[in-house]
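Structure record follows, encoded as structure tokens.
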Amino acid sequence: MKVGQLTLNDYDSYGNMLQKYALYRTLKKFADTVEILWLDSINPFTPYVLELNRQEVGNLRDVAFKSVSQNKFKEFNDANMKTRFDIPHLSDIADDYDYFVIGSDQVWNPNFVVPGRFLDFAPTEKRIAYAASIAVSKLPERVIENYRQKILEMAHVSVREREGCNLIEKITGKRPVQVLDPVFLLSVEEWREIAKRPTWLNQKKYERGYLLTYFFNGKPPEQVNALAAKLDLPVINLKDIDNFNHYITGVEEFLYLVDHATLFCTHSFHGAAFSLIFKRPFIVYFIDSVLISRFTRVSSLLDMVNLRDRVTDSNLNIKVADPLTIDFSRCDEVLPAEQKRSLKFLANALWQ
């Protein structure tokens with residue numbers, strides 16, 4: 001069996017890369033061959049230095065840091081996944097694969113341009129959506145009819161969040177299967193197999209632990225630093241371009257840092273997900289109304305495991321009572337059953 005996997009592709013986001021890797025590894029357990037389909041055939045890898053506009057070129061330090069970071073992501077991608085770039089037109093490859101799987105991540109977000117998001121270039125029986133995320137609370141009127149028709153034409157449909165399930169049921173009359181994000185389909189042992197300790201973590205100041213942060217702009221809310229001071233912990237701010245070691249943290253190193261963090265503060269869906277996988281204390285910061293779609297994704301996950309109390313806002317109007325104490329017992333009850341159900345969906349779709 002040969003499977004073509006479509007998703008969002010970039011060399012910047014830990015969550016994006018790791019969900020892609022997890023689905024790839026899982027599909028390999030079902031199929032002989034799996035290939036990631038990278039649809040930017042003109043320039044599949046553009047180092048950041050080439051993406052800068054003229055006003056940004058003056059900051060050579062930032063250019064260098066971002067280029068190094070992107071290359072580390074690319075190295076992980078190339079070492080762990082077979083990727084196909086020679087795709088001028090999707091219709092040209094419809095007969096090359098037994099099945100196509102679209103997902104996970106925000107592949108059905110109407111604000112993103114995702115070529116082939118509904119796999120309509122392939123025969124209906126080959127179209128599978130795994131954990132597709134719409135990531136908005138309401139679909140724009142202009143896309144509803146297209147979404148309705150294309151989703152109804154798919155052979156197997158599963159969605160990551162309950163809000164996405166509700167939206168699809170509303171426009172199609174059929175409720176899709178809700179499944180786990182692909183990162184939950186691999187065991188904690190499988191994740192630890194590829195985790196790598198950063199060399200700079202050997203510094204003495206980190207021996208007693210650290211507070212890890214992951215915010216996409218590299219800058220956590222001010223309250224995070226105050227919390228670190230209260231807990232007497234050094235801070236590691238991933239994506240902080242003012243710190244070379246932290247900024248260029250690789251994908252494997254990200255996994256190690258989450259697994260060994262004393263406390264992890266983030267606003268990332270996958271940041272929360274890996275906190276659950278590694279059972280590390282965490283706090284999710286809901287920063288402002290711009291991030292409401294991200295909040296609905298995170299809340300769908302945390303409600304499932306009864307950990308909604310790990311969410312706060314940037315003004316601390318909602319407080320996490322005890323940052324370092326967390327009860328993961330519900331995870332042990334819920335996640336194995338949901339993993340089994342999610343794998344059953346894939347098995348039924350691929351071995352029908």
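The condition of being closer than 20 Å to residue 296 by Cα and among the β-branched types (Val, Ile, Thr) does not hold for residue 113. Considering every residue within the stretch 293-301, establish whether at least one is surrounded by 13 or more Cβ atoms within 10 Å (Cβ to Cβ) and either at pLDDT 95 or above or of a type in the set (D, E, K, R) (or both). The answer is yes; a qualifying residue exists.
For every residue, the table says whether it meets (1) in contact with a Gly (Cβ under 9 Å, 6 or more places away or on another chain); (2) of a type in the set (Asp, Glu); (3) farther than 24 Å from residue 347 by Cβ.
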position: 86; (1), (2), (3): no, yes, yes
position: 109; (1), (2), (3): no, no, yes
position: 112; (1), (2), (3): no, no, yes
position: 127; (1), (2), (3): no, no, no
position: 146; (1), (2), (3): no, no, yes
position: 152; (1), (2), (3): yes, no, no
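Counting residues in the stretch 209-216 that are aliphatic (A, V, I, L, M), at pLDDT below 95 and farther than 23 Å from residue 105 by Cα gives zero.
In the set (1) modelled with pLDDT of 95 or more; (2) buried (at least 16 other Cβ atoms within 10 Å of the Cβ), the condition left unmet by residue 200 is number (2). Just checking, does the stretch 143-150 include any residue being at pLDDT below 95, over 23 Å from residue 81 (Cα atoms) and either surrounded by fewer than 19 Cβ atoms within 10 Å (Cβ to Cβ) or hydroxyl-bearing (Ser, Thr, Tyr) (or both)? Checked the stretch 143-150: no residue is at pLDDT below 95, over 23 Å from residue 81 (Cα atoms) and either surrounded by fewer than 19 Cβ atoms within 10 Å (Cβ to Cβ) or hydroxyl-bearing (Ser, Thr, Tyr) (or both). Has the stretch 174-184 got any residue that is charged (D, E, K, R), touching a strand residue (DSSP E or B) at 6+ places or on another chain (Cβ under 8 Å), in contact (Cβ under 8 Å) with a residue 24 or more places away in the chain and assigned to a loop (DSSP other than H, G, I, E, B)? Yes; the residues of the stretch 174-184 include at least one that is charged (D, E, K, R), touching a strand residue (DSSP E or B) at 6+ places or on another chain (Cβ under 8 Å), in contact (Cβ under 8 Å) with a residue 24 or more places away in the chain and assigned to a loop (DSSP other than H, G, I, E, B).
Quick check, is residue 105 in a loop (DSSP other than H, G, I, E, B), out of contact with any Asp or Glu (no Cβ under 7 Å at 6 or more places or on another chain) and surrounded by fewer than 16 Cβ atoms within 10 Å (Cβ to Cβ)? Considered against the rule, which asks whether it is in a loop (DSSP other than H, G, I, E, B), out of contact with any Asp or Glu (no Cβ under 7 Å at 6 or more places or on another chain) and surrounded by fewer than 16 Cβ atoms within 10 Å (Cβ to Cβ), residue 105 comes out as no. Examine the stretch 271-285 for a residue that is touching a His at 6+ places or on another chain (Cβ under 7 Å), without any contact (Cβ under 8 Å) to a residue 60 or more places away in the chain and either surrounded by 22 or more Cβ atoms within 10 Å (Cβ to Cβ) or outside the structural domain of residue 134 (by TED's automatic domain parsing) (or both), and state whether such a residue exists. Yes, the stretch 271-285 contains a residue that is touching a His at 6+ places or on another chain (Cβ under 7 Å), without any contact (Cβ under 8 Å) to a residue 60 or more places away in the chain and either surrounded by 22 or more Cβ atoms within 10 Å (Cβ to Cβ) or outside the structural domain of residue 134 (by TED's automatic domain parsing) (or both).
Applying the selection to the stretch 239-259, what residues are of a type outside the set (Val, Ile, Thr) and in contact (Cβ under 8 Å) with a residue 40 or more places away in the chain? Scanning the stretch 239-259 gives 244, 245, 247, 250, 252, 253, 254, 255, 256, 257, 259. Residue 228 meets the conditions (1) assigned by TED's automatic domain parsing to the domain that holds residue 265; (2) in a loop (DSSP other than H, G, I, E, B); (3) of a type in the set (Gly, Ala, Ser) in every case but one. The failed one is (2). Annotation note: Cβ proximity below 6 Å between a residue of the stretch 107-118 that is touching a residue at least 24 places away in the same chain (Cβ under 8 Å) and among the charged types (D, E, K, R) and a residue that is buried (at least 20 other Cβ atoms within 10 Å of the Cβ) and not in a loop (DSSP other than H, G, I, E, B) (sequence gap 6+ or interchain) occurs for no pair.
Listed by first and then second residue, the pairs with beta-carbon distance under 9 Å, at least 6 apart or on different chains, first residue in the stretch 133-161 and on the phi > 0 side of the Ramachandran plot and in contact (Cβ under 8 Å) with a residue 40 or more places away in the chain, second of a type in the set (Lys, Arg) and part of a helix (DSSP H, G or I), are 135/294; 135/297.
Number of residues in the stretch 306-322 that are farther than 18 Å from residue 231 by Cβ, of a type in the set (A, V, I, L, M) and modelled with pLDDT of 80 or more: the value is 2.
Could you look through the stretch 157-192, keep only residues that are touching a helix residue (DSSP H, G or I) at 6+ places or on another chain (Cβ under 8 Å) and of a type in the set (Asp, Glu), and pick out the one that is surrounded by the fewest Cβ atoms within 10 Å (Cβ to Cβ)? Filtering first and then ranking leaves 190.
The values are calculated or read from the model by the stated rules, or taken from the named source; none is laboratory data. Values in this document were obtained by computation on a predicted structure and should not be read as measured data. FYI the Cβ positions are ideal-geometry reconstructions off the backbone, even for glycines, and counts take in every protein chain you see.
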